Amino acid sequence: MTKLHEVKFPAECKSLPDGFWSAVDVWIKKPHVVNKRLCGATETPSEEVGTENLGVLLDPKSTDSHDVLSFLTRGQSTALTHDQENTWTFSVRTFIPKVNCYGSTSHKEFVLKDFDRLQVTFVPFEEDASGEVCQKIGNVYQISLVQRDNEEWFLELRVLAAADWACDGVAYPRLVWLCSTLLPRLLRWAAEPAASQFKSTLSLLPVEKYGRVYQQLKEKYRAMVKVWPEVTDPEKFVYEDVAIATYLLVLWGEERAERGVTEKQSFVDLGCGNGLLVHILSNEGHPGKGIDVRKRKIWDMYGPQTCLEEKAITPGEGFLFPATDWLIGNHSDELTPWIPVMAARSSFACRYFVLPCCFFDFYGKFQRRRCGTSQYKEYIDYIAEVAELLDHGTLLRLKSECGGLQTLLKNNHQVFRVEGGRVHIRDWRAGSEERGRAESKRGRPVASGALKTRPCWFHSHHPQGCPLEAAQCCFAHGPQDLRPSTKPLKKMKWSAV
């Protein structure tokens, strides 16, 4: 039982011991944030287990089980009564590697948390396709939070048998990596615990399926690295687009299962760049196309089944996609905030996926407003605000408002002009033809008794005010300009009783 390494917490650290368990949970649930050879991990629900039942978790045929029990109960007082006996919580963690180097064998760990003694122990085992289990006793390790007499806090790493440690660099990293990388990272997380600002994207998907599909696509498209004709780094762009394609394919598969349909979703990738994401999604059976302002050399390598168009994208009537299921914005720069708008305008059923890189709003570079959060989180919140305004439920409610959205707009003709199914902000500076339509109805001029009887919306609400002088405007510029109506009331039509 060897103590391999320890790191000391700063004296001003006030987050312990709660911060220790927060850091441990990150390592258990999201090991891929430290170990880049993993896609992630799954964990079973935690259960309580007492000292007398710990042996049930271990291989009864193994002669090393006694050593593991001693390792788990190290430092436990023998004077404890049954009621005072330590209680652990245990769960089973399954690793999901990025590259399947284990065949049908699953690499798992018993995770045993001892809240009384502030320590967590990892007992690895392997399980083959037939359910046979083989414990890896040599790779048992333990992370402890220790407070010394002078009230200093330390993080300690212990292993059961350092000489027997087996390393494969994936599920079983090197001991020096545990000391030099994992332990300092845990200390940093524990010293400054903070609730994650993001919901884990992979928490929306079955992570095992994601890992399996990623491995398949990576193997299928890895040849692209060798023939990449662009000046950009092939490994970065190929494997990044493989990961994004994997995410979308799994997400869309889950969506089809939830909706009970089999037809694969269609897509349009706006600002598709090198077009590799379009190529992969198309090859995997999803109808779609990519659009970018500039053609890339690699486009000619994909073949006719990959539809790529070279044209400038201008948000407007010419770039709506009513028959498309998904709009994609992968590092779409200036287009990013427009994609939720284009999706909402295309149809109520159109969904979208954006992965921002550079940050833009509707007018230029995105201007930060909050310093207490990361720039990326703030920008994601901004896009979410845009999406909320375009929520399908809100649009449907507007559609049913006052006899329909178009009727609502027509009833506010002072502000809006509706022609041919299109909505325009009314320009009161327009020529006589426009003004004639605005100021008269069915060819009749506006009655003098109706002038200045309502406030001017532009004068009250538009940032630049009303474009007309008060004397020229039919509506009142302020309370002093408001007049009582002298327009005769309409005659009532009475039906015979």
query: Which one of the conditions (1) modelled with pLDDT under 90; (2) farther than 27 Å from TYR210 by Cβ; (3) of a type in the set (S, T, N, Q) does SER180 fail to meet, given that it meets all the rest?
result: (1)
statement: Condition set among the β-branched types (Val, Ile, Thr) and assigned to a strand (DSSP E or B), scope the stretch 4-55, selection farthest from PHE71 (Cα to Cα): answer is THR42
Selection from the stretch 24-39 of residues that are touching a residue at least 60 places away in the same chain (Cβ under 8 Å), closer than 17 Å to LEU155 by Cβ and either surrounded by fewer than 20 Cβ atoms within 10 Å (Cβ to Cβ) or of a type in the set (D, E, K, R) (or both): VAL26, ILE28, VAL34
query: Do the conditions hold for GLU156, that is, is it loosely packed, with under 14 Cβ neighbours inside 10 Å, touching a residue at least 60 places away in the same chain (Cβ under 8 Å), assigned by TED's automatic domain parsing to the domain that holds ARG117 and farther than 23 Å from GLY40 by Cβ?
result: no
message: For the condition small (Gly, Ala, Ser) and either modelled with pLDDT under 95 or more than 30 Å from GLN215 (Cβ to Cβ) (or both), what is the one hit in GLY329, GLY318, GLY260, GLY290?
response: GLY318
- prompt: Does any residue of the stretch 221-229 turn out to be outside any helix (DSSP H, G or I), modelled with pLDDT of 90 or more and either crowded, with 19+ Cβ neighbours inside 10 Å or touching a helix residue (DSSP H, G or I) at 6+ places or on another chain (Cβ under 6 Å) (or both)?
  reply: yes
task: Could you figure out which of (1) without any contact (Cβ under 8 Å) to a residue 24 or more places away in the chain; (2) surrounded by 15 or more Cβ atoms within 10 Å (Cβ to Cβ); (3) within 32 Å of the chain's Cα centre (by Cα) isn't true of GLU127?
output: (3)
message: What's the number of the only condition in (1) surrounded by 15 or more Cβ atoms within 10 Å (Cβ to Cβ); (2) at pLDDT below 75 that LYS493 fails to meet?
response: (1)
- line: With criteria (1) loosely packed, with under 14 Cβ neighbours inside 10 Å; (2) touching a residue at least 60 places away in the same chain (Cβ under 8 Å), GLU151 comes up short on (2)
task: Go through the stretch 40-88 and give me each residue that's modelled with pLDDT under 65, loosely packed, with under 10 Cβ neighbours inside 10 Å and not polar (S, T, N, Q).
output: PRO60, LYS61, GLY75, ALA79, HIS82, ASP83
statement: Reported set for the stretch 230-252 where residues are among the small types (Gly, Ala, Ser) and modelled with pLDDT of 95 or more is ALA245
message: Going by what's in this entry, would LEU308 be described as of a type in the set (A, V, I, L, M, F, W, C), part of a strand (DSSP E or B) and more than 25 Å from the chain's Cα centre (by Cα)?
response: yes
- request: Mind telling me which of the residues VAL140, VAL111 ends up being in contact (Cβ under 8 Å) with a residue 24 or more places away in the chain, farther than 20 Å from VAL33 by Cβ and of a type in the set (Val, Ile, Thr)?
  value: VAL140
- prompt: Quick one: would you say GLU255 is among the acidic types (Asp, Glu), in a loop (DSSP other than H, G, I, E, B) and closer than 28 Å to GLY211 by Cβ?
  reply: no
Test: ARG345 is basic (Lys, Arg) and crowded, with 16+ Cβ neighbours inside 10 Å: yes
- request: Name, by its number, the condition in (1) surrounded by fewer than 20 Cβ atoms within 10 Å (Cβ to Cβ); (2) touching a Lys or Arg at 6+ places or on another chain (Cβ under 7 Å) that does not hold for ARG117.
  value: (2)
field: Selected residue [within 17 Å of TYR363 (Cα to Cα) and not aromatic (Phe, Trp, Tyr)] from GLY316, GLY329, GLY303
entry: GLY316
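The values are calculated or read from the model by the stated rules, or taken from the named source; none is laboratory data. Quick caveat: nothing in here was measured; it's all calculated off a predicted structure. Neighbour counts run over all protein chains shown; Cβ positions are idealised from the backbone, glycine included.
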